[in-house]
Amino acid sequence: MKLKAFLYGLMLGLPFFLASCGDDDLKKANAVAVNKITFTRDRTLGVEIIYSDSARVKAKGNAPIMDKVTPSTGGTYQEMIKGVSIDFFSPSGKIDGNLVCDYAIRKDQDRKTEFRKNVVVKNNKGDTFSSQELIWDELKKIFYSTQRVYVKGADGSVGEGINFQAPEDFSTYTMESGNADLNMKEGIAP
């Protein structure tokens, strides 16, 4: 008796169920499938990257893992999910600064590299810059950030601010909305 009631209920409900699946739903599903983006990921372990300009080595970086990601829509990028360590070289070939961070991504199309999570940079004067994000613009040859950047000078001066910008060698820098404790040398005339 229960089986007969079940089958009778199934036969009455099936036409309503099938009627709710119209052609429009299938057309929408096909449109979503057409716009599907796929990614190709090539992983390299123990990477050494050398950056040169006019046949002069300017920087050498090491990353434990580098993924080259190619979306089907274009715009490839390299992702260093375990961070990167970069040494910067002077024109004479000596190391005159370095950068370390926990994560980096280089976008080929924009020619920009974003360094994120515990970014620390030391320049040849001994100044230390730290932030949660620094961006290197290869075309403009600058580093910049809209995040808060902390600066500790070799002389003990400390400062912080936002909208940071510096040339590639971090020899000078500007930032806004900051504050600092500076060590002034005696004998400097106005």
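The values are calculated or read from the model by the stated rules, or taken from the named source; none is laboratory data. Not measured: the values here are computed from a predicted model. A quick note on method: Cβ atoms are made from the backbone with ideal geometry, for glycine too, and the neighbour counts reach across all protein chains shown.
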Next item on the list: Kindly indicate whether TYR144 is over 22 Å from VAL47 (Cα atoms), within 16 Å of the chain's Cα centre (by Cα) and either modelled with pLDDT of 95 or more or surrounded by fewer than 16 Cβ atoms within 10 Å (Cβ to Cβ) (or both).
Entry: yes
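Yes or no, residue by residue, for (1) within 15 Å of THR172 (Cα to Cα); (2) of a type outside the set (Phe, Trp, Tyr):
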position	(1), (2)
GLN109	no, yes
THR113	no, yes
LYS117	no, yes
LYS122	yes, yes
PHE129	yes, no
LEU134	no, yes
ILE142	yes, yes
SER145	yes, yes
ARG148	no, yes
Item checked: Residues of region 52-81 classified as touching a Phe, Trp or Tyr at 6+ places or on another chain (Cβ under 9 Å), surrounded by 14 or more Cβ atoms within 10 Å (Cβ to Cβ) and either part of a loop (DSSP other than H, G, I, E, B) or among the hydroxyl-bearing types (Ser, Thr, Tyr) (or both), total -> 2
Notebook entry, point to check: So which residues in region 82-91 are under 16 Å from VAL120 (Cα atoms), part of a strand (DSSP E or B), without any contact (Cβ under 8 Å) to a residue 60 or more places away in the chain and not polar (S, T, N, Q), if there are any at all?
Noted result: VAL84, ILE86, ASP87
Next item on the list: For region 147-170, enumerate the residues that are at pLDDT below 90 and either out of contact with any Gly (no Cβ under 7 Å at 6 or more places or on another chain) or closer than 21 Å to LYS60 by Cα (or both).
Entry: GLY153, ASP155, GLY156, SER157, VAL158, GLU168, ASP169
Checklist line | Flag if ILE86 is closer than 22 Å to THR38 by Cβ, among the β-branched types (Val, Ile, Thr) and out of contact with any Cys (no Cβ under 8 Å at 6 or more places or on another chain) | finding: no
Item checked: Restricting region 97-128 to residues that are surrounded by fewer than 18 Cβ atoms within 10 Å (Cβ to Cβ) and in contact with a Leu (Cβ under 8 Å, 6 or more places away or on another chain), the residue that is modelled with the lowest pLDDT -> ARG111
Margin query: Every residue in region 65-89 that is over 16 Å from the mean Cα position of the chain (by Cα), within 20 Å of VAL119 (Cβ to Cβ) and not acidic (Asp, Glu), please.
Written below: PHE88, PHE89
